[in-house]
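> Structure in structure tokens, see below.
The values are calculated or read from the model by the stated rules, or taken from the named source; none is laboratory data. These numbers were taken from a predicted model, which means no experiment stands behind them. With ideal geometry, Cβ positions are generated from the backbone for all residues, glycine too; neighbour counts draw on all protein chains shown. These area figures cover heavy atoms from the full protein model, side chains too; ligands, DNA and RNA do not enter into them. Shrake-Rupley method; radii C 1.70, N 1.55, O 1.52, S 1.80 Å.
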Amino acid sequence: KVLVVPTSMVEKIENIYPNKTVKFPQLTSIFSPQSKKSDRVENFLKLIPSPRIIYTGNFNNRIDENLYRTITGIMKDCSFLSFHEKPFQQVDNIFYLPWLEKNEVFSLLEECSVGFMPYDVNLDHNFHCLPLKLFEYFQLGMPLVSTDLVNIQYLKPLLSIGKNTEELIAGLRESLLEPADSSLRDQRRAVGKEHSTSKQANLIKDIVYGT
């Protein structure tokens, strides 16, 4: 069997491997609120002002760096977070964090206002991706702003999609104003929970073992 996550790629892969292609769900870890944050997360938070907009990944051939630089340069009143392979680094309002344990990532997300996925859609592997981080953001009910990925369209209006700098900035600004008690947050949590490994366990067994 050839397991395929992005819906837009199922037919393409089926043409290469006839009768072997199976649609597979995107899975995410289960979010469990922590009673206490780790010391290093607490220390990072002291260094990063609110509001915080986060992309929980690194830049390697994934995000549109020119777009990112333009947006971060315009939205100077916000802190933009991402990860890299080096120690903590700050460049103006851009903050690069070292990789964290999964429970630390979730505890960091709890203190962020908006998830951001500025993928470079000119690259096919980005345009067709269904990011794991999307469902991590959703598990916390977080607003999310993304470039125009083909496989996330069905999730509107739970997220905001922008095709250019202006639309993305407008989406980020609007997301920052979303009330904490917005019904959209509960809807996102429900979607995130559906993609958790525990919720999908039986489906995975059916796919893998053909029952």
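> Among (1) modelled with pLDDT of 95 or more; (2) exposed (fewer than 13 other Cβ atoms within 10 Å of the Cβ), there is one condition SER146 misses while meeting the rest; what is its number?
Evaluating SER146 over (1) modelled with pLDDT of 95 or more; (2) exposed (fewer than 13 other Cβ atoms within 10 Å of the Cβ) leaves (2) as the failure.
> Checking the conditions here, which among LEU177, LEU184, LEU134 is in contact with a Gly (Cβ under 9 Å, 6 or more places away or on another chain), of a type in the set (A, V, I, L, M, F, W, C), open to solvent by 10 Å² or more (accessible area, probe 1.4 Å) and modelled with pLDDT of 95 or more?
LEU184
> Does LEU67 satisfy the criteria of being of a type outside the set (Val, Ile, Thr), touching a Leu at 6+ places or on another chain (Cβ under 9 Å), open to solvent by 20 Å² or more (accessible area, probe 1.4 Å) and closer than 23 Å to PRO33 by Cβ?
no
> Select from region 150-198 the residues that are in contact (Cβ under 8 Å) with a residue 24 or more places away in the chain and among the hydrophobic types (A, V, I, L, M, F, W, C) and list them in ascending order.
Residues satisfying the conditions are VAL150, LEU155, LEU158, LEU159, LEU168, ILE169, LEU172, LEU176, LEU184, VAL191.
> Identify, please: which residue in region 8-43 is outside any loop (DSSP other than H, G, I, E, B), touching a strand residue (DSSP E or B) at 6+ places or on another chain (Cβ under 7 Å) and in contact (Cβ under 8 Å) with a residue 24 or more places away in the chain and is, among those, least open to solvent (accessible area, probe 1.4 Å)?
THR28
> Among (1) modelled with pLDDT of 95 or more; (2) open to solvent by 60 Å² or more (accessible area, probe 1.4 Å), which single condition is ASN202 missing?
Result: ASN202 fails condition (1) only.
> Quick one: which strands (runs of 3 or more DSSP E) lie wholly within region 44-145 and hold at least 1 residues that are under 13 Å from the mean Cα position of the chain (by Cα) and touching a residue at least 24 places away in the same chain (Cβ under 8 Å)?
Once the strands (runs of 3 or more DSSP E) in region 44-145 are filtered for at least 1 residues that are under 13 Å from the mean Cα position of the chain (by Cα) and touching a residue at least 24 places away in the same chain (Cβ under 8 Å), what remains is 52-54, 79-84, 114-117.
> Return the total of residues in region 112-129 being open to solvent by 20 Å² or more (accessible area, probe 1.4 Å) and in contact with a Pro (Cβ under 8 Å, 6 or more places away or on another chain).
Matching residues across region 112-129 total 2.
> Continuing with the same structure: Would you pick out the residues in region 43-80 that are under 17 Å from MET117 (Cβ atoms) and of a type in the set (D, E, K, R)?
Selection gives ARG52, ARG62, ASP64, GLU65, ARG69.
> Right, another one. Return a yes/no flag: does region 159-174 have any residue that is under 22 Å from VAL41 (Cβ atoms) and either open to solvent by 10 Å² or more (accessible area, probe 1.4 Å) or in contact with a helix residue (DSSP H, G or I) (Cβ under 9 Å, 6 or more places away or on another chain) (or both).
Checked region 159-174: no residue is under 22 Å from VAL41 (Cβ atoms) and either open to solvent by 10 Å² or more (accessible area, probe 1.4 Å) or in contact with a helix residue (DSSP H, G or I) (Cβ under 9 Å, 6 or more places away or on another chain) (or both).
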